[in-house]
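The structure appears right after this line, and notes come after that.
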Amino acid sequence: MATSIIEKKKYTYEDYLKTPDDVRYELIEGELLMTPSPVPRHQRISRKIEFILEEFVTNSDLGEIFYAPCDVHLDNENVVQPDILFISKERLNIIGEKNIQAAPDLAIEILSESSAYRDLIQKKKLYARFGVKEFWIVIPKEDLVEVYILKEGVYALHKSFSKDDTLESPLLKDLKIELRKIF
């Protein structure tokens with residue numbers, strides 16, 4: 001009996017550009033993945049972090065903060081939308097007219113039930129592979145933020161910060177976020 005292997009279609013950036021505007025997608029390793037809208041608590045946490053980062057980065061003249069939906073084009077088979085991202089002043093040239101055209105310096109993902117595998121496994125690997133220097137995973141259910149730093153192409157946990165802690169970033173020196181104000 002002959003068996004046939006059905007290969008999944010690999011999508012590219014050109015395919016991604018044809019997706020409808022009213023639905024969010026990401027492209028990971030050539031797989032087109034729909035991204036559901038975040039729940040209100042996710043949005044609240046995101047907004048509070050964005051506000052603090054925006055103020056800190058602007059006042060310190062460090063670069064720019066962006067938040068989803070904002071395409072980060074890593075290559076022709078990988079286009080992601082981190083919840084929040086930072087690009088340092090020295091790398092502002094990666095900001096294109098339609099997207100960010102390389103890995104940001106910092107990517108932040110806020111977990112939800114629908115995105116946990118994608119954020120914790122798939123995107124974490126991608127961010128490491130493409131050189132995102134620092135990666136935060138915000139875990140709302142546990143009132144926790146894990147900060148990872150890139151070492152020799154792999155993420156090492158720098159520190160886990162709980163609701164009662166003050167988050168400090170190795171990348172953004174002097175940044176202090178009292179997490180009880182976030183959660």
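Residues are listed down the side, and each one gets a yes or a no for (1) without any contact (Cβ under 8 Å) to a residue 40 or more places away in the chain; (2) part of a loop (DSSP other than H, G, I, E, B):
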{"site": "Phe86", "(1), (2)": "no, no"}
{"site": "Glu90", "(1), (2)": "yes, no"}
{"site": "Ala103", "(1), (2)": "yes, yes"}
{"site": "Glu109", "(1), (2)": "yes, no"}
{"site": "Glu113", "(1), (2)": "yes, yes"}
{"site": "Tyr117", "(1), (2)": "yes, no"}
{"site": "Lys124", "(1), (2)": "yes, no"}
{"site": "Val132", "(1), (2)": "yes, yes"}
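Would a scan of segment 92-99 turn up a residue that is aliphatic (A, V, I, L, M) and within 19 Å of Ala128 (Cα to Cα)?
yes
In the set (1) out of contact with any Phe, Trp or Tyr (no Cβ under 8 Å at 6 or more places or on another chain); (2) under 26 Å from Arg91 (Cβ atoms); (3) buried (at least 17 other Cβ atoms within 10 Å of the Cβ), Asp105 fails one condition alone, (1). The residues of segment 138-183 that are more than 17 Å from Leu53 (Cβ to Cβ), part of a loop (DSSP other than H, G, I, E, B) and within 19 Å of the chain's Cα centre (by Cα), listed by number, are Asp143, Gly153. Within segment 108-123, if we keep just the residues that are within 13 Å of Ile139 (Cβ to Cβ) and at pLDDT 85 or above, the residue that is surrounded by the fewest Cβ atoms within 10 Å (Cβ to Cβ) turns out to be Leu120. Among the residues of this structure, Tyr127 does not count as one that is within 26 Å of Leu27 (Cβ to Cβ), in contact with a Lys or Arg (Cβ under 9 Å, 6 or more places away or on another chain) and aromatic (Phe, Trp, Tyr). Inclusion of Asp71 among residues that are surrounded by fewer than 18 Cβ atoms within 10 Å (Cβ to Cβ) and not aliphatic (A, V, I, L, M) is not warranted. When segment 26-51 is limited to residues that are without any contact (Cβ under 8 Å) to a residue 24 or more places away in the chain and within 16 Å of Asp75 (Cβ to Cβ), the one that is surrounded by the most Cβ atoms within 10 Å (Cβ to Cβ) turns out to be Leu32.
The values are calculated or read from the model by the stated rules, or taken from the named source; none is laboratory data. Keep in mind it's a predicted model, so treat the numbers as computed, not measured. Note that we place each Cβ from the backbone using ideal geometry, even for glycine, and neighbour counts take in every protein chain shown.
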